[in-house]
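Below is one structure, written out as C-alpha coordinates, with a few remarks after it.
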Amino acid sequence: MKAEIRENLLARLRAGETRFPGIVGFDESVLPHLERALIAGHDLVLLGERGQGKTRLIRTVVGLLDEWTPVVAGCEINDHPYAPVCARCRGLAEDEITVAWKHRDERYGEKLATPDTSVGDLIGDVDPIKIAEGRTLGDPETVHYGLVPRTNRGVFSVNELPDLAERIQVSLLNVLEERDIQVRGYNLRLPLDLLLIASANPEDYTNRGRIITPLKDRFGAEVRTHYPKSIEDELVLIRQEVIPDIGADVPEHLVEIVARFTRLVRESTAVDTRSGVSARFSIAATETAAASAVRRAALTGEENAVTRVCDLPGIVHTLRGKVEFEVSEEGREVEVLAHLLRRATAETFRNTLGGLELAPLLDKFAEGAQIESGELVPATELLRRIGRVDGLSKIMSRLGMGEGDESPGHAAAALEFALEGLYLMRRLSKDDVAGGAVYRT
(Lines give C-alpha, C1' and ligand atoms only; values in the text may rest on other atoms or scores of the structure.)
Protein backbone atom coordinates (compact mmCIF):
# COMPACT_ATOMS: atom_id res chain seq x y z
CA MET A 1 0.00 0.00 0.00
CA LYS A 2 2.87 2.40 0.78
CA ALA A 3 4.48 1.40 -2.53
CA GLU A 4 1.19 2.32 -4.20
CA ILE A 5 1.28 5.80 -2.63
CA ARG A 6 4.97 6.19 -3.53
CA GLU A 7 4.43 5.31 -7.19
CA ASN A 8 1.41 7.60 -7.57
CA LEU A 9 3.20 10.47 -5.80
CA LEU A 10 6.29 10.13 -7.99
CA ALA A 11 4.09 10.01 -11.10
CA ARG A 12 2.46 13.30 -10.10
CA LEU A 13 5.83 14.87 -9.29
CA ARG A 14 7.18 13.95 -12.70
CA ALA A 15 4.04 15.25 -14.44
CA GLY A 16 4.02 18.49 -12.44
CA GLU A 17 0.50 17.81 -11.18
CA THR A 18 -1.05 18.99 -7.92
CA ARG A 19 -0.34 16.43 -5.20
CA PHE A 20 -2.34 17.88 -2.32
CA PRO A 21 -5.31 19.92 -3.65
CA GLY A 22 -6.74 22.63 -1.41
CA ILE A 23 -3.59 22.98 0.74
CA VAL A 24 -2.44 26.61 0.88
CA GLY A 25 0.93 28.03 1.96
CA PHE A 26 2.79 24.75 2.52
CA ASP A 27 4.45 24.38 -0.90
CA GLU A 28 7.96 25.39 0.18
CA SER A 29 7.85 24.30 3.82
CA VAL A 30 5.58 21.43 4.86
CA LEU A 31 4.90 19.55 1.63
CA PRO A 32 8.53 18.71 0.76
CA HIS A 33 8.93 17.04 4.18
CA LEU A 34 5.63 15.20 3.77
CA GLU A 35 6.56 14.00 0.29
CA ARG A 36 9.93 12.69 1.49
CA ALA A 37 8.18 10.79 4.31
CA LEU A 38 5.66 9.23 1.91
CA ILE A 39 8.34 8.25 -0.60
CA ALA A 40 10.32 6.66 2.24
CA GLY A 41 7.21 4.73 3.33
CA HIS A 42 7.18 6.25 6.81
CA ASP A 43 4.30 6.55 9.22
CA LEU A 44 4.27 10.13 10.45
CA VAL A 45 3.07 12.73 12.94
CA LEU A 46 1.82 16.16 11.86
CA LEU A 47 2.67 18.56 14.67
CA GLY A 48 1.15 22.03 14.82
CA GLU A 49 -1.23 24.43 16.55
CA ARG A 50 -4.97 24.27 16.06
CA GLY A 51 -6.45 25.33 12.75
CA GLN A 52 -3.32 24.82 10.65
CA GLY A 53 -4.94 22.33 8.28
CA LYS A 54 -3.49 19.11 9.70
CA THR A 55 -6.64 17.02 9.22
CA ARG A 56 -7.25 18.50 5.77
CA LEU A 57 -3.70 17.61 4.78
CA ILE A 58 -4.06 14.03 6.06
CA ARG A 59 -7.24 13.52 4.05
CA THR A 60 -5.59 14.71 0.84
CA VAL A 61 -3.07 11.85 1.15
CA VAL A 62 -5.95 9.50 0.29
CA GLY A 63 -5.93 11.05 -3.18
CA LEU A 64 -2.56 9.37 -3.80
CA LEU A 65 -4.13 5.91 -3.64
CA ASP A 66 -5.30 4.08 -6.78
CA GLU A 67 -8.85 5.09 -7.58
CA TRP A 68 -10.13 1.49 -7.33
CA THR A 69 -8.58 -1.52 -5.64
CA PRO A 70 -9.69 -5.20 -5.51
CA VAL A 71 -10.76 -6.74 -2.18
CA VAL A 72 -12.31 -10.01 -1.11
CA ALA A 73 -16.06 -9.40 -1.04
CA GLY A 74 -17.44 -9.48 2.50
CA CYS A 75 -14.03 -9.32 4.20
CA GLU A 76 -13.99 -7.03 7.23
CA ILE A 77 -10.33 -6.09 6.75
CA ASN A 78 -10.23 -5.61 2.97
CA ASP A 79 -8.10 -8.65 2.18
CA HIS A 80 -6.36 -8.80 -1.19
CA PRO A 81 -7.85 -11.63 -3.31
CA TYR A 82 -4.38 -13.01 -4.06
CA ALA A 83 -3.01 -12.75 -0.52
CA PRO A 84 -5.73 -13.06 2.15
CA VAL A 85 -4.63 -12.85 5.79
CA CYS A 86 -7.77 -13.22 7.91
CA ALA A 87 -9.00 -16.67 9.02
CA ARG A 88 -12.27 -16.40 7.10
CA CYS A 89 -10.68 -15.58 3.74
CA ARG A 90 -7.88 -18.12 4.12
CA GLY A 91 -10.54 -20.78 4.66
CA LEU A 92 -12.23 -20.04 1.35
CA ALA A 93 -11.47 -22.16 -1.68
CA GLU A 94 -10.16 -20.34 -4.73
CA ASP A 95 -13.47 -20.62 -6.55
CA GLU A 96 -15.33 -19.31 -3.47
CA ILE A 97 -13.52 -15.97 -3.44
CA THR A 98 -15.57 -13.14 -4.94
CA VAL A 99 -13.76 -9.95 -5.90
CA ALA A 100 -15.23 -6.56 -5.03
CA TRP A 101 -13.81 -3.10 -5.80
CA LYS A 102 -13.27 -0.33 -3.25
CA HIS A 103 -12.93 3.33 -4.11
CA ARG A 104 -9.99 5.13 -2.55
CA ASP A 105 -12.36 7.33 -0.47
CA GLU A 106 -13.47 4.14 1.33
CA ARG A 107 -9.88 3.27 2.23
CA TYR A 108 -9.58 5.98 4.86
CA GLY A 109 -10.22 5.61 8.57
CA GLU A 110 -10.09 8.27 11.25
CA LYS A 111 -10.36 8.34 15.04
CA LEU A 112 -10.43 11.39 17.24
CA ALA A 113 -8.38 10.42 20.28
CA THR A 114 -10.51 10.83 23.37
CA PRO A 115 -9.85 9.67 26.95
CA ASP A 116 -12.61 7.05 26.70
CA THR A 117 -11.11 5.37 23.60
CA SER A 118 -10.40 1.68 24.28
CA VAL A 119 -8.09 -0.92 22.77
CA GLY A 120 -11.23 -2.62 21.45
CA ASP A 121 -12.16 0.54 19.54
CA LEU A 122 -8.78 0.70 17.82
CA ILE A 123 -7.61 -2.93 17.56
CA GLY A 124 -10.48 -5.26 18.37
CA ASP A 125 -12.07 -7.45 21.03
CA VAL A 126 -14.07 -10.63 21.52
CA ASP A 127 -17.53 -10.42 19.97
CA PRO A 128 -20.09 -11.92 22.43
CA ILE A 129 -22.69 -12.18 19.64
CA LYS A 130 -20.46 -14.53 17.65
CA ILE A 131 -19.85 -16.64 20.77
CA ALA A 132 -23.60 -16.79 21.37
CA GLU A 133 -24.00 -18.09 17.84
CA GLY A 134 -22.00 -21.19 18.78
CA ARG A 135 -18.37 -20.37 18.02
CA THR A 136 -15.73 -21.22 20.64
CA LEU A 137 -13.47 -18.71 22.34
CA GLY A 138 -10.47 -20.21 20.55
CA ASP A 139 -11.93 -19.50 17.14
CA PRO A 140 -10.26 -16.40 15.58
CA GLU A 141 -13.55 -15.58 13.88
CA THR A 142 -15.02 -14.61 17.25
CA VAL A 143 -12.90 -11.44 17.11
CA HIS A 144 -14.61 -8.17 16.28
CA TYR A 145 -12.01 -6.03 14.53
CA GLY A 146 -11.45 -2.41 15.55
CA LEU A 147 -10.96 0.65 13.36
CA VAL A 148 -7.28 0.03 12.58
CA PRO A 149 -7.59 -3.46 11.04
CA ARG A 150 -10.78 -2.41 9.26
CA THR A 151 -8.64 0.21 7.47
CA ASN A 152 -6.19 -2.47 6.30
CA ARG A 153 -4.73 -1.54 2.89
CA GLY A 154 -5.63 2.10 3.48
CA VAL A 155 -4.73 5.26 5.42
CA PHE A 156 -5.62 5.53 9.11
CA SER A 157 -5.50 8.81 11.03
CA VAL A 158 -5.42 9.38 14.79
CA ASN A 159 -6.29 13.01 15.50
CA GLU A 160 -4.93 14.64 18.67
CA LEU A 161 -2.85 11.59 19.55
CA PRO A 162 -1.55 12.96 22.92
CA ASP A 163 -5.13 12.90 24.25
CA LEU A 164 -5.12 9.11 23.91
CA ALA A 165 -4.46 7.42 27.25
CA GLU A 166 -0.89 6.10 27.48
CA ARG A 167 -2.00 2.50 28.02
CA ILE A 168 -4.07 2.75 24.82
CA GLN A 169 -1.13 4.20 22.88
CA VAL A 170 0.77 1.00 23.69
CA SER A 171 -1.67 -0.93 21.49
CA LEU A 172 -0.31 0.92 18.45
CA LEU A 173 3.32 -0.13 19.00
CA ASN A 174 3.03 -3.37 17.03
CA VAL A 175 1.02 -1.69 14.30
CA LEU A 176 3.88 0.71 13.61
CA GLU A 177 6.85 -1.67 13.81
CA GLU A 178 5.86 -5.32 13.46
CA ARG A 179 2.88 -4.32 11.28
CA ASP A 180 0.49 -6.65 13.08
CA ILE A 181 -2.13 -6.66 15.82
CA GLN A 182 -2.73 -8.87 18.84
CA VAL A 183 -6.18 -9.32 20.35
CA ARG A 184 -6.56 -10.47 23.95
CA GLY A 185 -5.21 -13.96 24.56
CA TYR A 186 -5.65 -15.24 21.03
CA ASN A 187 -2.77 -16.78 19.18
CA LEU A 188 -3.56 -14.30 16.42
CA ARG A 189 -1.04 -12.19 14.56
CA LEU A 190 -2.72 -10.33 11.79
CA PRO A 191 -0.27 -8.60 9.43
CA LEU A 192 -1.58 -5.21 8.40
CA ASP A 193 -0.77 -3.12 5.37
CA LEU A 194 -1.57 0.50 6.15
CA LEU A 195 -0.20 4.03 6.52
CA LEU A 196 -0.69 5.53 9.99
CA ILE A 197 -0.73 9.33 10.27
CA ALA A 198 -1.27 11.10 13.59
CA SER A 199 -1.83 14.75 14.41
CA ALA A 200 -0.85 16.53 17.59
CA ASN A 201 -0.71 20.00 19.10
CA PRO A 202 2.64 20.95 20.72
CA GLU A 203 0.77 22.38 23.70
CA ASP A 204 -0.70 18.96 24.45
CA TYR A 205 2.74 17.55 25.29
CA THR A 206 2.75 19.49 28.54
CA ASN A 207 -0.86 20.43 29.28
CA ARG A 208 -3.14 17.52 28.40
CA GLY A 209 -1.01 14.51 27.66
CA ARG A 210 1.93 13.29 25.65
CA ILE A 211 2.95 10.75 23.06
CA ILE A 212 4.76 7.94 24.88
CA THR A 213 8.43 7.67 23.95
CA PRO A 214 8.34 4.17 22.38
CA LEU A 215 5.43 5.17 20.14
CA LYS A 216 7.04 8.46 19.13
CA ASP A 217 10.21 6.56 18.25
CA ARG A 218 8.31 4.25 15.89
CA PHE A 219 6.94 7.04 13.73
CA GLY A 220 9.29 7.48 10.81
CA ALA A 221 8.81 11.24 10.48
CA GLU A 222 7.56 14.29 12.35
CA VAL A 223 6.36 17.13 10.12
CA ARG A 224 5.72 20.60 11.54
CA THR A 225 2.85 22.66 10.14
CA HIS A 226 2.33 26.42 10.43
CA TYR A 227 -0.13 29.22 9.80
CA PRO A 228 -0.02 31.04 6.43
CA LYS A 229 3.25 32.98 6.29
CA SER A 230 2.12 35.69 3.86
CA ILE A 231 -0.94 37.88 3.55
CA GLU A 232 -1.44 36.50 0.03
CA ASP A 233 -1.72 32.93 1.35
CA GLU A 234 -4.14 34.11 4.03
CA LEU A 235 -6.34 35.73 1.38
CA VAL A 236 -6.33 32.61 -0.81
CA LEU A 237 -7.24 30.45 2.19
CA ILE A 238 -10.17 32.66 3.19
CA ARG A 239 -11.55 32.81 -0.34
CA GLN A 240 -11.20 29.04 -0.68
CA GLU A 241 -12.89 28.09 2.58
CA VAL A 242 -15.65 30.66 3.08
CA ILE A 243 -19.12 29.21 2.48
CA PRO A 244 -20.07 30.43 -1.00
CA ASP A 245 -23.85 30.42 -0.62
CA ILE A 246 -24.30 32.84 2.29
CA GLY A 247 -25.75 35.28 -0.23
CA ALA A 248 -23.49 38.33 0.09
CA ASP A 249 -20.62 39.64 -1.99
CA VAL A 250 -17.50 40.30 0.08
CA PRO A 251 -15.24 42.85 -1.69
CA GLU A 252 -11.53 42.11 -1.78
CA HIS A 253 -10.60 44.95 0.59
CA LEU A 254 -12.92 43.49 3.26
CA VAL A 255 -11.25 40.08 2.93
CA GLU A 256 -7.85 41.78 3.25
CA ILE A 257 -8.96 43.53 6.45
CA VAL A 258 -10.00 40.19 7.95
CA ALA A 259 -6.72 38.58 6.86
CA ARG A 260 -4.63 41.36 8.39
CA PHE A 261 -6.81 41.31 11.51
CA THR A 262 -6.18 37.58 11.96
CA ARG A 263 -2.43 38.02 11.58
CA LEU A 264 -2.39 40.88 14.09
CA VAL A 265 -4.31 38.77 16.61
CA ARG A 266 -1.76 35.94 16.18
CA GLU A 267 1.13 38.34 16.77
CA SER A 268 -0.46 40.22 19.69
CA THR A 269 1.26 39.96 23.07
CA ALA A 270 -2.21 39.93 24.66
CA VAL A 271 -2.96 36.55 23.08
CA ASP A 272 -1.65 33.20 24.31
CA THR A 273 0.65 32.22 21.43
CA ARG A 274 0.87 28.60 22.61
CA SER A 275 -2.76 27.94 21.72
CA GLY A 276 -2.55 29.77 18.40
CA VAL A 277 -5.28 31.49 16.41
CA SER A 278 -6.95 29.04 14.06
CA ALA A 279 -7.47 29.64 10.35
CA ARG A 280 -11.11 29.04 11.23
CA PHE A 281 -11.01 32.45 12.97
CA SER A 282 -10.55 34.36 9.70
CA ILE A 283 -13.02 32.12 7.87
CA ALA A 284 -15.71 32.58 10.53
CA ALA A 285 -15.00 36.34 10.64
CA THR A 286 -15.57 36.68 6.88
CA GLU A 287 -18.74 34.60 7.03
CA THR A 288 -20.06 36.64 9.97
CA ALA A 289 -19.46 39.92 8.13
CA ALA A 290 -21.18 38.52 5.03
CA ALA A 291 -24.12 37.38 7.16
CA SER A 292 -24.44 40.91 8.55
CA ALA A 293 -24.80 42.23 4.99
CA VAL A 294 -27.44 39.60 4.20
CA ARG A 295 -29.33 40.58 7.37
CA ARG A 296 -29.25 44.27 6.35
CA ALA A 297 -30.55 43.43 2.88
CA ALA A 298 -33.41 41.41 4.36
CA LEU A 299 -34.41 44.17 6.79
CA THR A 300 -34.08 47.11 4.39
CA GLY A 301 -35.14 45.50 1.14
CA GLU A 302 -31.78 45.86 -0.61
CA GLU A 303 -31.62 43.90 -3.83
CA ASN A 304 -27.96 42.86 -3.55
CA ALA A 305 -26.15 42.24 -0.26
CA VAL A 306 -22.62 43.68 -0.31
CA THR A 307 -20.44 43.57 2.80
CA ARG A 308 -19.23 46.95 4.11
CA VAL A 309 -16.92 48.22 6.85
CA CYS A 310 -19.93 48.72 9.12
CA ASP A 311 -20.39 44.93 9.15
CA LEU A 312 -16.98 44.29 10.74
CA PRO A 313 -17.41 45.42 14.39
CA GLY A 314 -19.84 42.58 15.00
CA ILE A 315 -17.15 39.97 14.45
CA VAL A 316 -15.30 41.17 17.56
CA HIS A 317 -18.12 40.10 19.88
CA THR A 318 -18.96 36.96 17.93
CA LEU A 319 -15.43 35.55 17.74
CA ARG A 320 -13.74 36.57 20.98
CA GLY A 321 -14.38 33.07 22.32
CA LYS A 322 -12.13 31.62 19.60
CA VAL A 323 -9.05 33.37 21.05
CA GLU A 324 -7.16 32.42 24.20
CA PHE A 325 -5.98 35.59 25.96
CA GLU A 326 -3.23 36.01 28.51
CA VAL A 327 -4.45 36.09 32.11
CA SER A 328 -3.35 39.73 32.45
CA GLU A 329 -5.81 40.74 29.69
CA GLU A 330 -8.88 39.28 31.37
CA GLY A 331 -11.83 41.64 30.93
CA ARG A 332 -10.18 43.54 28.05
CA GLU A 333 -10.82 40.99 25.29
CA VAL A 334 -13.27 43.13 23.29
CA GLU A 335 -11.10 46.23 23.67
CA VAL A 336 -8.00 44.39 22.43
CA LEU A 337 -9.75 42.87 19.42
CA ALA A 338 -11.44 46.17 18.48
CA HIS A 339 -8.07 47.92 18.54
CA LEU A 340 -6.49 45.25 16.34
CA LEU A 341 -9.41 45.48 13.90
CA ARG A 342 -8.85 49.23 13.57
CA ARG A 343 -5.15 48.61 12.93
CA ALA A 344 -5.99 46.04 10.26
CA THR A 345 -8.38 48.49 8.57
CA ALA A 346 -5.75 51.24 8.62
CA GLU A 347 -3.09 48.96 7.14
CA THR A 348 -5.47 47.87 4.37
CA PHE A 349 -6.36 51.50 3.64
CA ARG A 350 -2.68 52.43 3.29
CA ASN A 351 -2.10 49.39 1.07
CA THR A 352 -5.05 50.03 -1.24
CA LEU A 353 -5.96 53.72 -1.21
CA GLY A 354 -2.72 55.18 0.11
CA GLY A 355 -1.54 58.03 -2.11
CA LEU A 356 -4.89 58.35 -3.90
CA GLU A 357 -6.31 61.87 -4.04
CA LEU A 358 -9.41 61.87 -1.83
CA ALA A 359 -9.93 65.65 -1.72
CA PRO A 360 -13.34 65.44 -3.47
CA LEU A 361 -14.59 63.26 -0.63
CA LEU A 362 -13.05 65.49 2.03
CA ASP A 363 -14.68 68.52 0.42
CA LYS A 364 -18.03 67.10 1.45
CA PHE A 365 -17.11 67.88 5.05
CA ALA A 366 -15.53 71.30 4.44
CA GLU A 367 -18.74 73.11 5.29
CA GLY A 368 -19.52 71.04 8.37
CA ALA A 369 -21.43 68.21 6.73
CA GLN A 370 -22.03 65.01 8.69
CA ILE A 371 -22.60 61.57 7.20
CA GLU A 372 -24.17 58.82 9.24
CA SER A 373 -23.65 55.18 8.32
CA GLY A 374 -24.49 51.95 10.06
CA GLU A 375 -25.23 48.28 9.70
CA LEU A 376 -28.89 49.00 8.90
CA VAL A 377 -28.30 51.89 6.51
CA PRO A 378 -28.93 50.58 2.97
CA ALA A 379 -26.43 51.33 0.23
CA THR A 380 -28.73 53.66 -1.70
CA GLU A 381 -29.43 55.74 1.40
CA LEU A 382 -25.72 56.00 2.22
CA LEU A 383 -24.95 57.12 -1.33
CA ARG A 384 -27.72 59.74 -1.10
CA ARG A 385 -26.25 61.10 2.13
CA ILE A 386 -22.75 61.30 0.65
CA GLY A 387 -23.84 62.72 -2.71
CA ARG A 388 -21.86 62.72 -5.93
CA VAL A 389 -18.12 62.13 -5.46
CA ASP A 390 -15.68 62.87 -8.28
CA GLY A 391 -13.12 60.09 -8.67
CA LEU A 392 -15.35 57.34 -7.31
CA SER A 393 -14.39 55.11 -10.22
CA LYS A 394 -10.70 55.46 -9.28
CA ILE A 395 -11.46 54.47 -5.70
CA MET A 396 -13.38 51.41 -6.83
CA SER A 397 -10.66 50.47 -9.32
CA ARG A 398 -8.00 50.67 -6.60
CA LEU A 399 -10.11 48.32 -4.50
CA GLY A 400 -10.22 45.75 -7.28
CA MET A 401 -13.82 46.36 -8.29
CA GLY A 402 -14.21 45.68 -11.99
CA GLU A 403 -16.98 46.21 -14.52
CA GLY A 404 -19.25 43.69 -12.82
CA ASP A 405 -19.04 45.56 -9.50
CA GLU A 406 -20.96 48.72 -10.36
CA SER A 407 -23.98 48.22 -8.11
CA PRO A 408 -24.93 50.77 -5.42
CA GLY A 409 -23.77 48.22 -2.84
CA HIS A 410 -20.23 48.16 -4.22
CA ALA A 411 -20.09 51.96 -4.53
CA ALA A 412 -21.29 52.32 -0.93
CA ALA A 413 -18.74 49.74 0.26
CA ALA A 414 -15.91 51.64 -1.46
CA LEU A 415 -16.94 55.05 -0.13
CA GLU A 416 -17.56 53.82 3.43
CA PHE A 417 -14.12 52.19 3.46
CA ALA A 418 -12.60 55.46 2.27
CA LEU A 419 -14.41 57.36 5.05
CA GLU A 420 -13.21 54.87 7.68
CA GLY A 421 -9.66 55.10 6.34
CA LEU A 422 -9.70 58.91 6.44
CA TYR A 423 -10.89 58.71 10.04
CA LEU A 424 -8.10 56.29 10.98
CA MET A 425 -5.59 58.58 9.24
CA ARG A 426 -6.91 61.43 11.46
CA ARG A 427 -8.32 63.43 8.56
CA LEU A 428 -11.91 63.02 9.73
CA SER A 429 -13.63 62.57 13.06
CA LYS A 430 -16.11 59.84 13.91
CA ASP A 431 -18.73 59.58 16.62
CA ASP A 432 -19.99 56.11 17.44
CA VAL A 433 -23.76 55.86 17.79
CA ALA A 434 -26.05 52.90 18.37
CA GLY A 435 -25.59 50.52 15.44
CA GLY A 436 -23.45 52.92 13.40
CA ALA A 437 -21.18 55.93 13.22
CA VAL A 438 -21.29 59.60 12.20
CA TYR A 439 -18.36 60.94 10.17
CA ARG A 440 -17.64 64.67 10.39
CA THR A 441 -14.88 67.19 9.90
> How much accessible surface area, in Å² rounded to 10, belongs to the heavy atoms of residue 322 with a 1.4 Å probe?
Replying inline: 80
>> For the chain, give me the percentage of DSSP beta bridges that are antiparallel, rounded to the nearest 5 percent.
In response: 55
>> Heavy atoms of the protein only, probe of 1.4 Å, neighbouring chains included. What is the accessible area of residue 160 in Å², nearest 10?
In response: 50
>> Can you give me the accessible area per residue for region 349-441, using a 1.4 Å probe, in Å²?
In response: 52
> Put 195, 383, 376 in order of accessible area, largest first, 1.4 Å probe: what do you get?
Replying inline: 376, 383, 195
> Which of the lysines could be linked to residue 102 by a straight reach, that is with a Cα gap under 27 Å, when you skip same-chain ones fewer than 8 residues away?
Replying inline: 2, 54, 111, 130
>> Which three extents, in angstrom, do the Cα atoms of region 159-281 have along their principal axes, listed largest first?
In response: 65, 35, 23
> Given Cα pairs under 8 Å that are at least 6 residues apart, what percent is the relative contact order of region 304-441?
Replying inline: 34
>> Order 114, 352, 269 by their accessible area, 1.4 angstrom probe, all chains in place, largest first.
In response: 269, 114, 352
> Using helices alone, what [θ] at 222 nm do you get for the chain, with -39,500 (n - 2.57) per DSSP H run of 4 or more residues, divided over all residues and rounded to the nearest 500?
Replying inline: -11500 deg cm²/dmol
> To the nearest Å, what is the center-to-center distance of region 59-121 and region 161-185, using C-alpha atoms only?
Replying inline: 19
> Expressed as a rounded percentage, what relative contact order does the chain have, with Cα pairs under 8 Å and six or more residues apart?
Replying inline: 14
> For the charge dipole of region 283-422, defined by +1 on Lys and Arg C-beta atoms and -1 on Asp and Glu C-beta atoms about the Cα centroid, which residue among 412, 377, 348 has the Cα displaced farthest towards the positive pole?
Replying inline: 412
> Relative contact order (percent) for region 1-91, with alpha-carbon contacts under 8 angstrom and 6 or more residues of separation?
Replying inline: 29
> lysines within cross-link reach of residue 430: Cα-Cα under 28 Å, excluding same-chain residues under 8 positions apart?
Replying inline: 364, 394
> Roughly speaking, what is the centre-to-centre gap between region 330-394 and region 272-304 when only Cα atoms are used, to the nearest Å?
Replying inline: 19
> With every protein chain left in place, what is the accessible area of residue 300 in Å² (1.4 Å probe, nearest 10)?
Replying inline: 50
> Taking Rh as the Kirkwood radius computed over C-alpha pairs, what is the Stokes-Einstein D of region 22-116 at 20 °C in a medium of viscosity 1.002 mPa s, expressed in µm² per second?
Replying inline: 132
>> When 1/r is averaged over all different Cα pairs and the result inverted, which Kirkwood radius in Å belongs to the chain?
In response: 25.5
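The values are calculated or read from the model by the stated rules, or taken from the named source; none is laboratory data. As the structure is a prediction and not an experimental result, all values here were calculated from the model. Note: ideal-geometry Cβ built from the backbone for every residue, glycine included; neighbour counts use all protein chains shown. Please note that ligands, DNA and RNA were not included when accessible areas were found on the heavy atoms of the full protein model with its side chains. Shrake-Rupley method; radii C 1.70, N 1.55, O 1.52, S 1.80 Å.
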